[in-house]
Amino acid sequence: MRTRDHTHVDHYAALPRPAGRDEAMSRLEALGFPGRKDEDWYYTPTKRLLETAFTPVVGAPREPSAALVAQLPEGARAVFVDGLFHQGLSTLDATLDPQQPPTSLLADPTGFDALNAALWRSGANLSMKGGEEVHLVHIATGEQRLGALRHRLQLAEGAEATVVEHYLGEGGAALVAAVSEVLLAPGARLHHVLLQQADADSHYVHTVRAQVGADAHYAATSVQARARLARLAFHVELAGTGAFTRLCGVALGAGQSHVDHHLLVDHAAPGCTSRQDVRAVLDDRARAVFTGKVVVREGAQQTDSEQANHSLLLSDDAVANTRPQLEIYADDVACAHGATVGSLDADALFYLQQRGLSPAQARGLLMEGFARAVLTELPQGPAHDLPHALVGQWLSGR
Amino acid sequence: MLELIDLHARLATGAGTPILKGVNLTLPAGEVHAIMGPNASGKSTLSKVITGHPDYEVTSGDIRFQGESILELSVEERAHRGVFMSFQHPVEIPGVATSVFLKASVNAVREASGLEPLDAAGFLRSAREKMKLVQLDKALLHRSLNEGFSGGEKKRNEVFQMAMLEPTLMLLDEPDSGLDVDALRIVAGGVESLRRDDRSVLVITHYQRLLDYLVPDKTHVFVDGRIVKTGGADLAKEVESRGYQWVRDELKASA
C-alpha cells in the first residue's frame, strides 16, 4: 500500500466524527492507498490518481450544467453532486444519516473504501418493500473535487425492486469514491444497474458490498463508458441457501481509459448459484482488467458457479487482462470459467459485407452484438433501456 | 449475365498459392449452371472470388457481370449489384438478431439501388411471407443470426435471405451439404421458386441428387483450378456414377 495522501481532508476537522470514521482514517494513514504491490490492484495504476490533490466540497452542492441536468432520468431519483445531496434536483428524499456508524458488512475498510468511510457525507438510504424503481445519480463537477458517496439499499423479504446508479460528470479531473451496501432479505430480488459516463479525465472507484439472503436474487449490470480510470468492485456474499447472483458488465474503453471490474462472489451457504459475465470493447490505447474470484466455503455444497470474460480489441494498442481465481473448500461443486481475447471475426465481416453491409456497418453490428450480449436478461423499463442506450451511444462514436 | 474470362486467382496471403488457373464460363440470364468437382479442386474458391472475398487476389483474366467488369468493386458493391452467395458454412453471429441484421442488409441493398428503405412493419410483413417459402419458423427472426440453428435451418436461412435480397446472380456453394432428403427438397424448391428470366444460378455441389430438384441447363466439371468439361444435365449423372478419374484420363489423352 502507498502511504501518501493528497486528499486534503482538513476541511473535515470541524465535523462530528461518529464511530468508525477515526478508525477508518487511522487505517488509511497507516496502510495508505493501494498501488502496484497489491495483488488486487496489480493491473490498475493509482500513481496518476494519487499525484493529484482532490478536495472535498464544503457547504452547499455545486450547480451542474444545464446539459447534465437535462440528462437526469425521469421518475424517482435522488441526485448527489460531488458527494453532497442536491435536494432541488431530486424527487426523492431518503438520505443516509452521515452520523450513522458503519454496519458489520463494511467493517475494516482499506484504501479507497477507508477514504469513503472517513469522509462520506451523503448517500441514499432505501428500505424497499417491493415495486420500487429508483435512480441514484451522482454528478462530479470536476476541478479536482472529491465526491465520497455511500448508499444503503435494503430489500424486505420477498420484495422486488430496481435501482439504477448513474455516474455522470463534467469539468475534468475528479475523484468519486463510492460505496454501495446491499442487503437482501430472504426471497428478495434486486436489479441493480450501474452506469458510468463520467468525464474522460475523471476517476471513479466504487465498491458494492452485497449480502444475499436465502433464495434471494441479486442481479447487477455495469456499463462503464468514459472515465479515465474506473474501478468497480463487487463483493457479494451468498449468505443463505438458494441465493443467486448474476454480475454482468461491459467495459467500453477508448483513448487512454482504464476500466477494472473486480468481482468476488463468496458462496457461504449451500445450494447457491452465481454467474459472472464481463466483456470489454477496447479501442485506441484503452485497457480493461477483469478479476473474477469465486470462493466456495466449506459446507457450501451444490454450489453452481460460472464465469466468463470476453474482450474485443479494436486496436493493436488496446490491452485486456483477465484473471479468474477460484478458491474451493467444498467437494460437491460445479465451477466453470472461460476467457477470450480477440479482434472482430473476419469470416463474420465477410458474411455481412456479402449481404450488402459496408465495412463500417458490419463492424458496428458485430460490436453491438458482442457488447449487448451481457444485457439480455434485464427487466423491461429503464433498467433495460438505459444500459442499451449507453452502449449504443458509445458504439456510434467508434 | 456472368462471364468469366481466363480467370486466374491465388491466395492473397502467405505463399500466394495459385487456385484458379484459367476459368472460362458464360452463364446467360435465366439459366442454371452446375459446377461439380473433386475436393480441393478450387470450386468453392471460384464462388468466393466472384463475390470479391479479400483472401483471394485475381492475377489475370476478368469477371464480367451484366456486361461490366466487377474486379474493382468491393464485396458490398458487388452485393448491391445483385451478387449473392449462399455459404457452405453460414457464419454464426451471437448477439445480432436475424431481423436486425436482415433489415440492415435489405435496406443497404435497397438504398444502393435508389429505393426507399423498408420500415419495421414493411420489413416484417415481407420477412414473414418469405420465410414460408423455406418453411422457417418466424421465431428465428428474433434469435441471434445462425447461432444454435440446425444445419438445415442455416441452409434454409440462406435461401430466405436470398428471397429477401432478390439478387440477380445466385451463387450456391454446396447448398446441399449436411442436409437430409426432406431439407434438400425444401432448399432446392426455395431456389427454384426464385428463378426468373433475368436471374441466374451457379450451383456448386458434390452430389447429383440436388440437381434432381434444381435441373441445370449446363454442368461443368471443375478439376485442378479450371473447367475441363461441359455438358448438359446428363453429365452430372455421369459424374455421379463414374467419379472424376475418367475426366482426368480424357484430359491426359487429349493433351
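Which residues, taken from the range A:246-259, are closer than 17 Å to A:H206 by Cβ and either more than 13 Å from the chain's Cα centre (by Cα) or surrounded by fewer than 24 Cβ atoms within 10 Å (Cβ to Cβ) (or both)?
Result: A:L252, A:G253, A:S257, A:H258.
Yes or no: the range B:143-154 includes at least one residue that is more than 14 Å from A:R355 (Cβ to Cβ) and within 10 Å of chain A (Cβ to nearest Cβ).
yes
Tell me whether the range A:91-106 contains one or more residues that are assigned by TED's automatic domain parsing to the domain that holds A:A178, charged (D, E, K, R) and under 15 Å from A:Y167 (Cα atoms).
No, there is no match, as no residue in the range A:91-106 is assigned by TED's automatic domain parsing to the domain that holds A:A178, charged (D, E, K, R) and under 15 Å from A:Y167 (Cα atoms).
Would you mention how many residues in the range A:347-361 are at pLDDT 95 or above and more than 8 Å from chain B (Cβ to nearest Cβ)?
Of the residues in the range A:347-361, 1 are at pLDDT 95 or above and more than 8 Å from chain B (Cβ to nearest Cβ).
Give me the residue from the range B:29-56 that is among the polar types (S, T, N, Q) and in a loop (DSSP other than H, G, I, E, B) and, out of that set, nearest to B:S241 (Cα to Cα).
B:N39
So B:D137 passes all but one of these: (1) away from chain A (no Cβ under 14 Å); (2) at pLDDT 95 or above. Which condition number does it fail?
Unmet for B:D137, out of (1) away from chain A (no Cβ under 14 Å); (2) at pLDDT 95 or above: (2).
Taking the range B:57-97 only, how many residues are within 10 Å of chain A (Cβ to nearest Cβ), aliphatic (A, V, I, L, M) and part of a strand (DSSP E or B)?
Here the count works out to 5.
Looking at the structure I just gave you, is B:L172 under 23 Å from B:T51 (Cβ atoms), in contact (Cβ under 8 Å) with a residue 12 or more places away in the chain and assigned to a strand (DSSP E or B)?
Criteria met by B:L172.
Quick check: is even one residue across the range B:155-178 surrounded by fewer than 17 Cβ atoms within 10 Å (Cβ to Cβ) and away from chain A (no Cβ under 12 Å)?
For the range B:155-178, residues surrounded by fewer than 17 Cβ atoms within 10 Å (Cβ to Cβ) and away from chain A (no Cβ under 12 Å): present.
Checking A:W394 against (1) more than 8 Å from chain B (Cβ to nearest Cβ); (2) among the aromatic types (F, W, Y); (3) free of Cβ contacts under 8 Å to residues at least 12 places away in the same chain, which test does it fail?
Result: A:W394 fails condition (3) only.
So how many residues does the range B:107-126 have that are assigned to a helix (DSSP H, G or I), under 26 Å from B:S47 (Cα atoms) and more than 8 Å from chain A (Cβ to nearest Cβ)?
The total comes to 3.
What number of residues within the range A:370-391 are within 13 Å of chain B (Cβ to nearest Cβ) and under 22 Å from A:R226 (Cβ atoms)?
So the count comes out to 8.
Considering only strands (runs of 3 or more DSSP E) fully contained in the range A:130-226, which possess at least 1 residues that are in contact with a Pro (Cβ under 7 Å, 6 or more places away or on another chain), in contact (Cβ under 8 Å) with a residue 60 or more places away in the chain and crowded, with 23+ Cβ neighbours inside 10 Å?
Once the strands (runs of 3 or more DSSP E) in the range A:130-226 are filtered for at least 1 residues that are in contact with a Pro (Cβ under 7 Å, 6 or more places away or on another chain), in contact (Cβ under 8 Å) with a residue 60 or more places away in the chain and crowded, with 23+ Cβ neighbours inside 10 Å, what remains is A:133-140, A:145-155, A:160-169, A:189-197, A:217-224.
The values are calculated or read from the model by the stated rules, or taken from the named source; none is laboratory data. The structure displayed is predicted, hence computed values, not measured ones. With ideal geometry, Cβ positions are generated from the backbone for all residues, glycine too; neighbour counts draw on all protein chains shown.
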